[in-house]
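Participant: Got a structure for you, questions after.
The values are calculated or read from the model by the stated rules, or taken from the named source; none is laboratory data. Please read all numbers here as calculations on a predicted model, not as lab measurements. Please note: Cβ atoms are built from the backbone with ideal geometry, for glycine as well, and neighbour counts cover all protein chains shown. Keep in mind that these areas ignore ligands, DNA and RNA; they rest on the heavy atoms of the full protein, side chains included. Shrake-Rupley method; radii C 1.70, N 1.55, O 1.52, S 1.80 Å.
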Amino acid sequence: MGMATWHNWARNEHSSPRRFDTPESTGELATVVARAAEQGRHVKAVGAGHSFTGVAVTDGVLLSLDRMTGIETVLPTATGALVSVQAGTRLHDLSDQLWALGLALPNLGDIDVQSVAGAISTGTHGTGAGFTGLAAQVRAVTTVLADGSVVECSPDHEPELFEVSRLGVGAFGVLSSVTFDCVSAFRLRAHEAPASLSDTLDGLDDRLRADHFEFYWFPHTEGVLTKTNTRLPGAAPVDPVGRIRGFVDDEILSNGVFNAFQHLGTRVPALIPGLNSVSSRALSERTYTDRSHRVFASKRRVRFKEMEYAIPVDALPTVLGEIATWLSRSDVRIGFPIEVRFAAADDVWLSTAHGRDTAYVAVHQFHRGEHREYFSAVEAIARSVGGRPHWGKLHGLTAAELSTAYPRFDDVLAVRNRVDPRRVFDNAYLQRVLGE
């Protein structure tokens with residue numbers, strides 16, 4: 001069937017595909033892909049549309065995997081289980097289903113509305129110096145290639161296809177199912193507290209010894225909000241945020257008042273430093289304990305645009321210092337906090353943490369604000385220390401520039417030429433970041 005216009009969550013990307021399909025099974029998915037290829041049409045899959053790039057944009061066939069959801073198989077292991085899940089399953093639904101089985105994903109990002117396929121394909125990650133992103137938790141995938149063939153791949157079977165399928169920005173096939181290495185269910189004790197940027201950076205080594213640490217720096221101020229999560233057994237007593245405290249902190253302050261501040265700052269940019277100062281002090285210290293996925297993720301009701309760069313951990317103070325210097329010399333005023341997270345090195349070919357322990361610096365702009373000058377400045381700073389941009393967030397790099405950032409980039413392109421020589425899964429975004 002046809003579809004008028006599709007928009008991503010941030011509403012900065014849209015497309016009007018010739019056809020919109022919602023297959024219910026791997027067989028149906030394979031048929032749709034094969035038919036489109038025979039007709040000479042491009043194919044793209046979409047989940048929640050939470051990428052800020054044009055990764056899902058197409059004028060051909062747009063596939064929604066929303067009818068391909070749920071857990072398929074569970075194979076117990078010594079530390080948890082290998083869980084195969086259909087690729088259209090949303091992360092928040094998967095977490096609930098895993099918890100009912102006494103299981104959990106080892107780590108999650110701070111947003112859980114994405115589909116499994118979209119999350120791993122764009123390199124979604126959480127925080128924790130000893131933990132990797134979602135793609136590195138994948139142990140097998142089933143993917144539909146450009147000719148409609150269905151391939152099950154893993155490190156032992158079609159290993160090269162497996163590497164580019166567990167993080168491949170939709171360039172190699174359409175994922176049908178994904179097998180995660182899950183752990184036994186656990187709780188998290190979260191401690192959130194205000195601090196200063198200088199103190200946070202000075203004590204960073206100690207803070208990174210925690211299981212999961214992140215912080216939010218409010219530009220034009222020294223104020224940060226830190227969040228430290230400690231892993232506890234699944235049977236540990238819960239002590240969640242109270243209903244009233246949660247409503248005030250998470251709904252009124254973090255979303256309601258924050259949204260009002262963004263509108264006000266957009267109209268009167270000179271007010272932004274003062275508003276940021278208020279925001280950095282508005283949320284008081286708190287500690288709570290809950291299921292892991294309920295602590296990892298938070299609700300985001302304020303719409304924004306985002307760019308995120310992965311940099312070496314030891315370059316973080318320099319990068320943040322240079323951002324502060326640029327802001328002080330610029331007329332640009334930024335009302336969104338800068339989010340800083342951490343991840344362990346992994347071996348995923350296109351992972352932003354490939355081969356090195358990583359700090360992530362994410363910059364945001366209110367969806368009604370102009371982001372280009374700010375993002376370009378931060379991008380230049382991050383690139384100067386070997387930064388790699390998040391595949392699902394805004395950036396300005398091309399294939400020529402990205403090829404120097406990834407040791408296995410040529411291998412990635414070789415697999416693409418083998419499995420999709422006619423570029424059935426191509427679009428403008430992929431032409432820019434992977435080449436033609």
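Participant: Looking at (1) of a type outside the set (A, V, I, L, M); (2) in contact with a Leu (Cβ under 9 Å, 6 or more places away or on another chain); (3) at pLDDT 95 or above, find the lone condition where F52 falls short.
Facilitator: With respect to (1) of a type outside the set (A, V, I, L, M); (2) in contact with a Leu (Cβ under 9 Å, 6 or more places away or on another chain); (3) at pLDDT 95 or above, F52 is out only on (3).
Participant: Does T287 satisfy being in contact with a Lys or Arg (Cβ under 8 Å, 6 or more places away or on another chain), farther than 15 Å from W217 by Cβ and open to solvent by 60 Å² or more (accessible area, probe 1.4 Å)? Steps first, please.
Facilitator: Values: in contact with a Lys or Arg (Cβ under 8 Å, 6 or more places away or on another chain): yes; farther than 15 Å from W217 by Cβ: yes; open to solvent by 60 Å² or more (accessible area, probe 1.4 Å): yes.
Criteria met by T287.
Participant: Take residues that are modelled with pLDDT of 70 or more, closer than 24 Å to S184 by Cβ and polar (S, T, N, Q) and tell me which of the strands (runs of 3 or more DSSP E) falling wholly in the stretch 205-306 contain 1 or more. Break it down stepwise before answering.
Facilitator: Numbers: elements: 212-217, 223-233, 286-291.
Strands (runs of 3 or more DSSP E) meeting the threshold: 223-233, 286-291.
Participant: Sticking with this structure for a sec: Going through A405, A399, A377, A382 one at a time, which residue ends up being within 30 Å of R35 (Cα to Cα) and either of a type outside the set (D, E) or touching a helix residue (DSSP H, G or I) at 6+ places or on another chain (Cβ under 9 Å) (or both)?
Facilitator: Sole residue among the options that is within 30 Å of R35 (Cα to Cα) and either of a type outside the set (D, E) or touching a helix residue (DSSP H, G or I) at 6+ places or on another chain (Cβ under 9 Å) (or both): A399.
Participant: For the stretch 336-392, name all the residues that are within 16 Å of V313 (Cβ to Cβ), within 14 Å of the chain's Cα centre (by Cα) and part of a loop (DSSP other than H, G, I, E, B).
Facilitator: S351, T352, A353
Participant: Count, please, the residues in the stretch 22-64 that happen to be open to solvent by 20 Å² or more (accessible area, probe 1.4 Å), out of contact with any Ser or Thr (no Cβ under 7 Å at 6 or more places or on another chain) and either closer than 15 Å to G170 by Cβ or not small (G, A, S) (or both).
Facilitator: Selection size over the stretch 22-64: 9.
Participant: Does the stretch 413-421 contain at least one residue that is closer than 24 Å to V151 by Cα, modelled with pLDDT of 95 or more and not in a helix (DSSP H, G or I)?
Facilitator: Initially, the stretch 413-421 is screened for residues closer than 24 Å to V151 by Cα, giving 413-421.
Now narrow it down to the ones that are modelled with pLDDT of 95 or more: 413-421.
From the residues that got through so far, the ones that are not in a helix (DSSP H, G or I) too are 420-421.
There is at least one residue in the stretch 413-421 that is closer than 24 Å to V151 by Cα, modelled with pLDDT of 95 or more and not in a helix (DSSP H, G or I).
Participant: Pick from L208, L188: which is open to solvent by 10 Å² or more (accessible area, probe 1.4 Å) and in contact (Cβ under 8 Å) with a residue 12 or more places away in the chain? Even if it seems obvious, please write down each step before you answer.
Facilitator: Values: L188 fails: open to solvent by 10 Å² or more (accessible area, probe 1.4 Å).
On inspection, the qualifying residue turns out to be L208.
Participant: Still on this structure, please answer the following. Go through the residues of the stretch 368-378 one by one and say whether even a single one is in contact with a strand residue (DSSP E or B) (Cβ under 6 Å, 6 or more places away or on another chain) and closer than 15 Å to W217 by Cα. If you could, list the steps in order and put the result at the bottom.
Facilitator: Taking the stretch 368-378 and keeping what is in contact with a strand residue (DSSP E or B) (Cβ under 6 Å, 6 or more places away or on another chain), we get 371, 375, 378.
If we keep only those that are closer than 15 Å to W217 by Cα as well, we get 378.
Yes, the stretch 368-378 has at least one match.
Participant: Which residues, taken from the stretch 399-436, are in contact (Cβ under 8 Å) with a residue 60 or more places away in the chain and of a type in the set (D, E)?
Facilitator: Within the stretch 399-436, D411, D420, D426 qualify.
Participant: May I pose another question? Of all residues in the stretch 410-429, which are crowded, with 17+ Cβ neighbours inside 10 Å and within 17 Å of R388 (Cβ to Cβ)? Don't jump to the end; show me each part of the working.
Facilitator: Of the residues in the stretch 410-429, the ones crowded, with 17+ Cβ neighbours inside 10 Å are 412, 415-416, 419-420, 424-427, 429.
Correct list: V412, Y429.
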